[in-house]
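Chemist: Before we start, here is the structure in question, set down as structure tokens.
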Amino acid sequence: MRNVANELGPTYRDSCLIAYEEEEPIGVLMPHLEPGKEGEGRFFYFGLVPEERGRKKSLPLYVQGLHLLKEQFGASYSVGSTSAGNIPMRKVFRKAGGIQTGRKYVYEWRKRGEGK
């Protein structure tokens, strides 16, 4: 949670939302305005609990989150990102009307024998 606090500031706790269905938690989302980016809404975190994945609940929850970003946070647009291998999330982005505008490459340097 330290990373969240560092990026979003002390009010990050106010943006951590738990989604419920019939009093059972099904997911978590953390909508926020990106610091230093005028009107840019993002989700610091978005996900369903493992038991709810693959049950067509991601898209409705994501769309509700987009609505929150606009109506309660004042976002004029939203940016989402995920790893290339996260096909389910990429589908949610597309079905919610998102357009892929770029691709990001991530590199790591490790000492020999550490990690992968």
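Chemist: Counting only residues 5 or more places away or on other chains, whose amide H sits under 5 Å from the amide H of SER78 once H atoms are built in the peptide plane?
Modeler: GLY41
Chemist: I would also like to ask the following. Residue by residue through the stretch 23-35, which ³J(HN,Hα) values in whole Hz follow from phi under the Karplus form 6.51 cos²θ - 1.76 cosθ + 1.60 (θ = phi - 60°), with glycine and proline marked x?
Modeler: 6, 10, x, 10, x, 9, 9, 10, x, 6, 8, 5, x
Chemist: Residue-wise, which Karplus ³J(HN,Hα) couplings in Hz belong to the stretch 78-90, taking 6.51 cos²θ - 1.76 cosθ + 1.60, θ = phi - 60°, and x for glycine or proline?
Modeler: Ordered by residue, 3J(HN,Hα) equals 9, 10, x, 8, 7, 6, 4, x, 8, 4, x, 6, 4 Hz.
Chemist: From the phi of every residue in the stretch 43-56, what ³J(HN,Hα) in whole Hz does the Karplus formula 6.51 cos²θ - 1.76 cosθ + 1.60 yield, where θ is phi - 60° and glycine or proline is x?
Modeler: 10, 5, 8, 8, x, 9, 5, x, 5, 9, 5, x, 10, 6
Chemist: If you scale each eigenvalue of the Cα gyration tensor by 5 and take the root, what three semi-axes come out for the chain, rounded to whole angstrom and sorted largest first?
Modeler: The equivalent ellipsoid of the chain has semi-axes of 24, 19, 17 Å.
Chemist: Separate question: Would you mind checking which residues have amide H under 5 Å from GLY27's amide H? H placed 1.01 Å from N; only 5 or more apart, or other chain.
Modeler: Close amide H contacts, sequence-distant or interchain: ALA19, VAL49.
Chemist: Using just the helices of the chain, give the 222 nm mean residue ellipticity in deg cm²/dmol: DSSP H runs with n ≥ 4 each add -39,500 (n - 2.57), and the total is spread over all residues, rounded to 500.
Modeler: That comes out to -8000 deg cm²/dmol.
Chemist: Counting other C-beta atoms within 10 Å, which of VAL92, VAL28, VAL106 has the fewest, and how do the rest follow? Don't jump to the answer; show the numbers that get you there.
Modeler: On the way: VAL92 20, VAL28 16, VAL106 5.
Ordered by Cβ neighbours within 10 Å, fewest first: VAL106, VAL28, VAL92.
A short reminder: the numbers here are calculations on the coordinates, not readings from a lab. Since this is a predicted model, take the numbers as computed values, not measurements. Note: ideal-geometry Cβ built from the backbone for every residue, glycine included; neighbour counts use all protein chains shown.
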